[in-house]
Structure formats: structure tokens, C-alpha cells
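Each remark here refers to the structure printed beneath this line.
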Amino acid sequence: QIHLADGRSPLEGRVEVRNGTGQWGSVCDDNFDLQDAYVVCRQLGFGAALEVKLAGHFGEGSGNVWLDEVACRGNETNLGDCSAESWGRSDCSHKEDVGVVCEGTGTSSAARFECRD
């Protein structure tokens, strides 16, 4: 399982994955790029990936860093289908937790704007 944590909307946040015993943990930003983010957004049922946020942008997670050196081709449907270090094998701290910003389904990036007073 996968979810985004601590974003300002459901479309963004720190990438967290859950292991077989139900423990959530983060994903290291080492070599994480937009192709990897596309897979995360697709797995969550969102549109395209808009941005990768590095270095704990959405705050530091707790628990383990479950995935490191993730290398997706971009066409996978699940982050678990991508190449990565063995589950739980990481030289990262939570200062390297990766985050993503996804596009909502049925919206285009050109339509993303925010009105403020």
C-alpha cells in the first residue's frame, strides 16, 4: 500500500509505503525522479506527476525508510514493480524523505492556480 502524508491537499505529500506487517515507512529521495513520481501518482489513481519534492520537503516521516534507490521506467502500475534496494535496506535518514505532487484526474496542469485575497 501507498499514500501521501502531510501535504496541503490529497494530491501531494511525503510518499509512504506499508510493509507486510502493516508498518508505514518512507521512501528515500536518492535517484527518485519524475518517472518514479508518475508511478506513485498512477498507483494512487491520480493524474500525472507534476513535481518531485526532495529532502523532507513535506516533513520527516517516522518509522523506517522502507525503499531506497527506486528506479522506475515510468510505465509500472505499482511502485513495488520498480527496481529498488531490498525492502528496508537504506542508507538514508528521514531528512531524505521524498514527496510528490500529483495532478488531479480530469485536470490539466495549465488549470492549476490559486486565488488569494
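A few remarks follow.
- Kirkwood analysis of region 2-111, using all unique Cα-Cα pairs, places the hydrodynamic radius at 13.5 Å.
- Positive-pole candidate from Trp87, Leu34, Ala48, dipole of the chain, charges at beta carbon: Ala48
- Distance between region 45-91 and region 1-42 - C-alpha centres, whole angstrom: 6 Å
- Distances between placed amide hydrogens fall under 5 Å for Asp30 paired with Glu69, all partners being 5 or more residues away or on another chain.
- Degrees between helix 34-43 axis and first principal axis of the chain (Cα, 0 to 90, nearest 10): 80 degrees
- Set of region 41-72 residues, backbone N closer than 17 Å to the point 7 Å along the Cα-Cβ line of Asn31: 66-72
- Val39, Val52 arranged by Cβ crowding within 10 Å, fewest neighbours leading: Val52, Val39
- Region 67-96 residues near the modelled Thr21 label - backbone nitrogen below 19 Å, point 7 Å along Cα→Cβ: 67-68, 86-90
- Taking other C-beta atoms within 10 angstrom as a stand-in for reagent exposure, Leu11, Leu44 fall in the order Leu44, Leu11, fewest first.
- Region 2-111: relative contact order in percent, alpha carbon pairs under 8 Å with at least 6 residues between: 35 percent
Each value in this text was obtained by applying a stated rule to the coordinates, not by laboratory testing. Predicted model, so just to flag it, every value in this text is computed and none were measured. Glycine also receives a Cβ, built like all others from the backbone with ideal geometry; neighbour counts cover every protein chain displayed.
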